[in-house]
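Asks: Before I ask anything, let me first share the structure, which is written out below as C-alpha cells.
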Amino acid sequence: MKNVVIAAGYATRLYPLTENFPKPLLRVGGSTILGRLMSDIDPIAEIDEHIIVTNHKFVGHFEQWVSTMQLTKPVRVLDDGTMTNETRLGAVCDLLLAIDRCRLDDDLLVIAADNILDFSLCGFVEYFKEKNASLIMCHEEPELVRLQRTGVIAVDADMRVLEMQEKPEHPVSHWAVPPFYLYKKDDLPLIRDCQNHGCGKDAPGNLAHYLCERVPMYAWVMPGKRYDIGSLDSYEEAKRLFGE
C-alpha cells in the first residue's frame, strides 16, 4: 500500500507565514503538521512507500524536510510543476500525476497534508481490510454552516456510502467527510479515467463522489478529532492545544 500525500496548496489564508513556505511544514507540538501525520503512518505494516506531491514553488522545502526525517519507508517527492494558486493542478490531478509518474498499481492511502489528528490511522487501515472496499473517513457535524463547506455523505446501516455531496447547500446528513481516503487497487482503472467522466479536479472529495456512484465505498467514523489548519486562527489554536 502506498501513502500518497497531497501537499500542493498555497494556503493564502495563512499569509504571511505561507507566502514562501509550505503550510504542512509549519511547526506544531515539537514537529510539523505533516511530520505528525507521517510519524503515525510510517509504522503501519501495510504501508510500503510515501509519495508527497507538491508544487514547484515548495518542492525544495519538502526535499530538505524529508532529508531530516527518520522514516522506515522510502519517500518520493513529486513536483507538479505549478508556481501559483491560479495555475495549481488541484488535488485530484495531483493524485493522478502520482499514479502516472510512479506507475502505481496498489492500494492507496490518500491524505491532505494540512491536518492534525488526535487518533491513529491504524484503525482506518484495519477497517479497510475488513470491508475489502474503498473507504472514506467521516465524523458527525451538527453545524449547518460547517457542513456547507465540506463533503457530506448519506450511508446505510452498514456504513456503505449511498450518496456524497461536495459543499452542499442542503446537506443530506450530518456526516462530514475530511480529506482522508483509502482506495482499492481494483478501483484504479476508474480513478485513472475519472477526468474523462466529469470528475472535478480541485477538492479531493470530488474523486470519492465520483467513485461512490460506481463501486462499493464505505465510511469509517473517526474515533477522535481532526484539526484543519486553514487559517492563522486555526494554526494558533493547534499550537495552544499541542504546543509550539
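No value in this document is a laboratory result; all are computed from the given coordinates. Being a predicted model, the structure only gives us computed values, none of them experimental. Cβ: placed from backbone, ideal geometry, glycine included. Neighbour counts: every protein chain shown.
Asks: Please report the relative contact order for segment 119-224, taking Cα pairs under 8 Å with a sequence separation of at least 6, and give it as a percent rounded to a whole number.
Replies: Values: 178 pairs, mean separation 38.9, N = 106.
Reported relative contact order: 37 percent.
Asks: State the extension gain, in nm to one decimal, for the chain segment bounded by Gln195 and Arg240, taking 0.36 nm per residue of separation less the distance between their alpha-carbons.
Replies: Details: separation 45, 0.36 × 45 = 16.20 nm, distance 4.10 nm.
This chain segment gains 12.1 nm when fully extended.
Asks: Right, another one. Given a cut-off of under 8 Å on Cα pairs at least six residues apart, what relative contact order in percent is computed for the chain? Mind showing how you got there, number by number?
Replies: On the way: 463 pairs, mean separation 57.7, N = 244.
After rounding, I find 24 percent.
Asks: For the chain, please report how many Lys pairs fall under 16 Å Cα to Cα, leaving out neighbours fewer than 8 apart on the same chain.
Replies: Close lysine pairs under the 16 Å cut-off: 12.
Asks: Determine the distance separating the Cα centre of segment 61-103 from the Cα centre of segment 146-180; give it in Å without decimals.
Replies: Here the answer is 28 Å between Cα centres.
Asks: While we're here: Run the numbers for Asn132 and Leu188: contour at 0.36 nm per residue of separation, minus the present Cα-Cα distance, in nm. Don't jump to the answer; show the numbers that get you there.
Replies: Details: separation 56, 0.36 × 56 = 20.16 nm, distance 1.44 nm.
Value of the extension gain: 18.7 nm.
Asks: Let me check I have the definition right: for segment 1-87, take the eigenvalues of the Cα gyration tensor, multiply each by 5, take square roots. What are those semi-axes in whole Å, largest first?
Replies: Numbers: eigenvalues 102, 45, 21 Å².
Each semi-axis is the square root of five times an eigenvalue, giving 23, 15, 10 Å.
Asks: Hey, another quick one. Direction-averaged shadow area of the convex hull around the Cα atoms of the chain, nm²?
Replies: On the way: hull surface 49.6 nm².
Directional mean of the projected Cα hull area for the chain stands at 12.4 nm².
Asks: Moving on to the next point. Tell me whether segment 119-224 comes out rounded, prolate or oblate; compute the Cα gyration tensor, take square roots of the eigenvalues as a ≥ b ≥ c, and use a/c under 1.5 as the rounded threshold. Don't skip to the answer; put the middle values down first.
Replies: Working: a/c = 1.73, a/b = 1.09, b/c = 1.59.
Since a/c reaches 1.5 but b/c is at least a/b, the shape of segment 119-224 is classed as oblate.
Asks: Describe numerically, in nm with one decimal, the distance between label points set 7 Å from Cα along Cα→Cβ at Cys102 and at Glu163.
Replies: Simple spin-label model gives 3.5 nm for this pair.
Asks: Which value in nm describes the separation of the simple spin-label points at Val215 and Met83, placed 7 Å from the Cα toward the beta carbon?
Replies: 3.7
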